[in-house]
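Structure, as structure tokens:
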Amino acid sequence: MDRFSELVEKRRLTEVPPEDFAKKIHEQGRLTAHERLERLLDKGSFVPIARFIQHRATGFGMESRKVFGDGVVAGLGSIDGRRVAVYAQDFSFMGGSVGEMHAYKIARTIETALKLGIPVIGLNDSGGARIQEGVDSLKGYGEIFYRNVMASGVIPQIVAIMGPAAGGAVYSPALADFIVMTKKSYMFITGPKVVKASIGEDVTFEELGGAEIHATKSGVAHFLAEDDDHAIRIIKALLSYLPSNNTEDPPYAETGDDPFREDSELDGLVPEDPVKPYDVKEVINRVFDKGSFLEVHAHFATNAVVGFARLGGFPVCVVANQPAVSAGCLDIDSSDKIARFVTFCDSFNFPIITFVDVPGFLPGTYQEHGGVIRHGAKIIYAYADATTPKITVILRKAYGGAYIAMGSKHLGADYVLAWPTAEIAVMGPREAIEIIYKRELEKAANPEELAKEFEEKYRKEITTPYFAASRGYVDDIVFPRETRSYIYKALMFLRDKREKHPRPPRKHGVPPV
Ligand code: HXC
């Protein structure tokens, strides 16, 4: 074989998986590593890294089990014209397991992305640490994790799980910023067999670590995809909001939606009755550019809503309480969801727009024993730590610690608006008057009537947004229909915000993780 033919043949081997494997994976409604990359990247843009790499393990028959690439395709490419670094694990070789060289390629991909200041995207499909390579595969994982951490807050890291992510395979995604899981994928530290052997529990793959569990219950997955193609569409949509690195602003895109457009439907959205729910997503969809809201963690901790949107074409982060679920109460999971998102958004220079309608933190032993104190503290830490423009709109309830936590002026919000329906106080009227007028109510001949009277007085004098506004904690009270234009004007002023008060030098804070 002459040298050119040899190259042609060897290249073919790096690009085409074994036929029986491709057939099997297609039957499962999944794609091969190369097919995934072809769909993700702009045509012809892929530049491979370490294409012909092979493992150098010996023993356990490893000498005779070698392929070019060692089970992972990695390199640089572009998505909608923007440069990215990518890797895709190839399950056809030893179940995408991570040996020394496989890990080296992934670590180098992340390192290259960091040097170039471009996002890194992983398409994962792996049985975890390659057992035959022993500590060399653990070393490899350690080196990947180290680079994930170095890249954190510098370049966006997105991982799609498109098959198994077992054992060590879970931690690199967990250290990334966003995880997309396809419905055919699963993630767990120890599989059903080990679970059965160690604690006697019978559980299926899906029940243990299926995509739906991680998207709804554990919160490990930020996005749930129907299949590989859908996951790729989600990655592209997400990327369209993200800057390439932390020195850039998130990318502007023309949306054709007038930032000064008023929406009179908003005026009637909050019900007269303060205990009646409404869907805060309707507020979000009406305030931001039409069709621009990309929800993150849509199925997890649904008493809070977070996601990306555009206003006059500029990307923003949106955080909101959801009165339609558990009255919008904050709890352990929603605290984690909000705090993590705020921290991400601050790292990558997104203005944070917060919509508040929160009666407080969820009470009870389940929450207290689960550590709602330290979880709730994460929200406070994240907002106070964030130096990006912070704009808060109080729609209705803003009570107690939850008022402070949800991007209040006191944690450094740059601009706070309230709707006339806002209620801001230490606690709600009924709870408040039952404490401060306890004796009067006990003695009263008509306690219910008197309670209503006190409640009315409390609303007029204490919870009214004009009280908070008289202290300067609320900058303006606006008609709901004007919210979009007010936020836009504030955003335009805050675009070049520099945090005024330099903070004391420190290595880093100690957040309540
Ligand atoms: C070596 C592996 C492997 C691994 C799979 N394979 N996982 N080889 N190391 N970790 C190989 C299989 O031997 C098989 O090789 C091929 O990949 C396909 O695997 P199958 O089992 O046939 O596929 P499937 O039925 O789809 O099952 C997939 C699977 C299963 C559920 C992922 O393979 C599995 O349970 N693997 C082990 C998962 C695991 O426990 N990982 C944790 C490792 S410990 P052949 O030769 O038949 O093609 C770990 C800790 C690191 O990761 C901690 C670091 C922080």
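Computed from the coordinates by the stated procedures, all read-outs in this text should not be read as laboratory data. Please read all numbers here as calculations on a predicted model, not as lab measurements. All Cβ positions, even for glycine, are placed from backbone atoms using ideal geometry, and neighbour counts span all protein chains on display.
Of note:
- Dipole-positive endmost among PHE341, ALA298, ALA309 within the chain (Cβ charges, Cα centre): PHE341
- With contacts taken as Cα pairs under 8 Å and at least 6 residues apart, region 283-397 reaches a relative contact order of 24 percent.
- Across LYS457/LYS497; LYS184/LYS507; LYS43/LYS390; LYS24/LYS236; LYS23/LYS236; LYS217/LYS397, pairs whose alpha-carbon gap is larger than 31 Å: LYS457/LYS497; LYS184/LYS507; LYS43/LYS390
- Cα long-axis angle, helix 332-347 against the chain (0 to 90 degrees, to the nearest 10): 70
- Net length gained if the chain between GLU434 and LYS507 were fully extended (0.36 nm per residue, minus Cα distance): 21.6 nm
- Full extension of the segment from VAL16 to ARG498, taken as 0.36 nm per residue of separation minus the current Cα-Cα distance, would add 168.4 nm.
- Between region 300-356 and region 159-200, the alpha-carbon center distance in angstrom: 26
- For region 62-78, 3J(HN,Hα) per residue [Karplus equation, 6.51 cos²θ - 1.76 cosθ + 1.60, θ = phi - 60°, Hz, x = Gly/Pro]: 5, 4, 8, 10, 9, 9, 5, x, 6, x, 8, 9, 9, x, 10, x, 10
- Nearby lysines by direct alpha-carbon distance to LYS115 (threshold 21 angstrom, same-chain neighbours under 8 apart not counted): LYS105
- In whole angstrom, region 99-154 maps to an equivalent ellipsoid with semi-axes of 22, 11, 9, each derived as √(5λ) from the alpha carbon gyration tensor and ordered largest first.
- For region 161-318, size of Cβ-based charge dipole, Lys and Arg +1, Asp and Glu -1, in debye: 700
- Taken about its Cα centre, region 177-270 carries a charge dipole of roughly 800 debye when the Cβ of each Lys and Arg holds +1 and the Cβ of each Asp and Glu holds -1.
- With 10 Å bins from 0: P(r) over region 267-378, alpha-carbon pairs, percent: 14, 44, 32, 9, 0
- For the chain: relative contact order, % (alpha-carbon pairs under 8 angstrom, 6 or more apart): 9
- Test item: Cα-centred dipole of the chain, Lys/Arg +1 and Asp/Glu -1 on Cβ, debye: 1520
- Calculation over all alpha carbon pairs of the chain in 10 angstrom steps from 0 returns a P(r) of 4, 17, 26, 22, 15, 9, 4, 2, 0, 0, 0 percent.
- Aspartates and glutamates with Cα under 19 Å of LYS193, excluding same-chain neighbours fewer than 8 positions away: GLU201, ASP202, GLU206, GLU207
- Extension gain for ILE462 to PHE205 (0.36 nm times residue separation, less C-alpha to C-alpha distance): 87.2 nm.
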